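Down below is the structure, laid out as structure tokens.
The values are calculated or read from the model by the stated rules, or taken from the named source; none is laboratory data. Note that the structure is predicted; figures quoted are calculated from it, not measured. Positions of Cβ are generated from backbone atoms using ideal geometry, with glycine treated the same way; all protein chains shown enter the neighbour counts. Calculation scope for accessible area: heavy atoms of the full protein, side chains included, ligands and nucleic acids excluded. Shrake-Rupley method; radii C 1.70, N 1.55, O 1.52, S 1.80 Å.
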Amino acid sequence: ANTATVQFINATALSLDIAQSGTVATGNGALSYGTASTCITADASNSNLAVRQTGTSTALAGFAPSFLAGGIYSVIVYPGAGASTQFATVSNAFTPTAGQGGLRIFNAAGAGTSYDIYIGPAGGSATILLANNIGAGSGSSYFNVAAGSAQQLRITNAGSQAVVLDAGSRTFTAGQNVTLVITP
């Protein structure tokens, strides 16, 4: 009754282990860049979770989880200034409108970066602004996106329509949420 569900997303160049009460379960070890852990059920008030560099038993500094009972969370691990590691805990509490999927954007690209996100039909111009001025270390709210047909996602520097990254054509599933993490 006092549990939360947590998944970790590695946006660092480090290989990471996610330990719970000192044990790294199958699917939670040697997480490379761009991968995610399995979903972990943790005590919301005392999760006993630690993020470690693979092969060590020392927890990375800065992870201070805060979960609510019954919550579903993603923890995005991303590079900070210098050699530091940052942690962002984001709630996955969003129910898309019937027949839609959910999409949110998180900017883990580094200090001084801000992006706008556009969407449109696959192969066409992505002209609908979903989110603007998403600064480093922050994310958007969820957005409803059309499900079942391919959508083109494009990332631009904030205030510009010049494409920095074409994230390609994505098909969203009705009732499912997706988090796009922009990394260095």
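Taking segment 52-82 as the search range and keeping residues that are open to solvent by 30 Å² or more (accessible area, probe 1.4 Å) and under 15 Å from the mean Cα position of the chain (by Cα), which one is nearest to Ala13 (Cα to Cα)? That would be Pro79. Residue count for segment 152-184, restricted to those that are open to solvent by 70 Å² or more (accessible area, probe 1.4 Å), among the hydrophobic types (A, V, I, L, M, F, W, C) and not in a strand (DSSP E or B): 0.
Only one of the listed residues (Ala13, Ala88, Ala83, Ala64) is farther than 16 Å from Thr183 by Cα and either at pLDDT 95 or above or small (Gly, Ala, Ser) (or both). That residue is Ala64. All of (1) in a loop (DSSP other than H, G, I, E, B); (2) free of Cβ contacts under 8 Å to residues at least 40 places away in the same chain; (3) open to solvent by 40 Å² or more (accessible area, probe 1.4 Å); (4) more than 26 Å from Arg170 (Cβ to Cβ) hold for Gly29 with one exception: (3). Taking the criterion of being in a strand (DSSP E or B), free of Cβ contacts under 8 Å to residues at least 40 places away in the same chain and touching a Leu at 6+ places or on another chain (Cβ under 9 Å), the residues of segment 32-58 that qualify are Ile40, Ala42, Ala50, Arg52, Gln53.
Quick test for you: out of Thr179, Thr183, Thr173, Thr95, pick the one residue that is in contact with a Lys or Arg (Cβ under 6 Å, 6 or more places away or on another chain), within 21 Å of Tyr73 (Cβ to Cβ) and of a type in the set (S, T, N, Q). From the options Thr179, Thr183, Thr173, Thr95, the qualifying one is Thr179.
Out of the residues in segment 116-141 that are in a loop (DSSP other than H, G, I, E, B) and of a type in the set (A, V, I, L, M, F, W, C), which is nearest to Phe87 (Cα to Cα)? That would be Ala136. As an exercise: evaluate Ala93 against (1) within 17 Å of the chain's Cα centre (by Cα); (2) surrounded by 15 or more Cβ atoms within 10 Å (Cβ to Cβ); (3) without any contact (Cβ under 8 Å) to a residue 40 or more places away in the chain and give the number of the one condition it does not meet. The failed condition is (2). Checking the structure you have, find out if any residue of segment 105-119 is open to solvent by less than 40 Å² (accessible area, probe 1.4 Å), touching a residue at least 60 places away in the same chain (Cβ under 8 Å) and under 30 Å from Ala1 (Cβ atoms). Yes.
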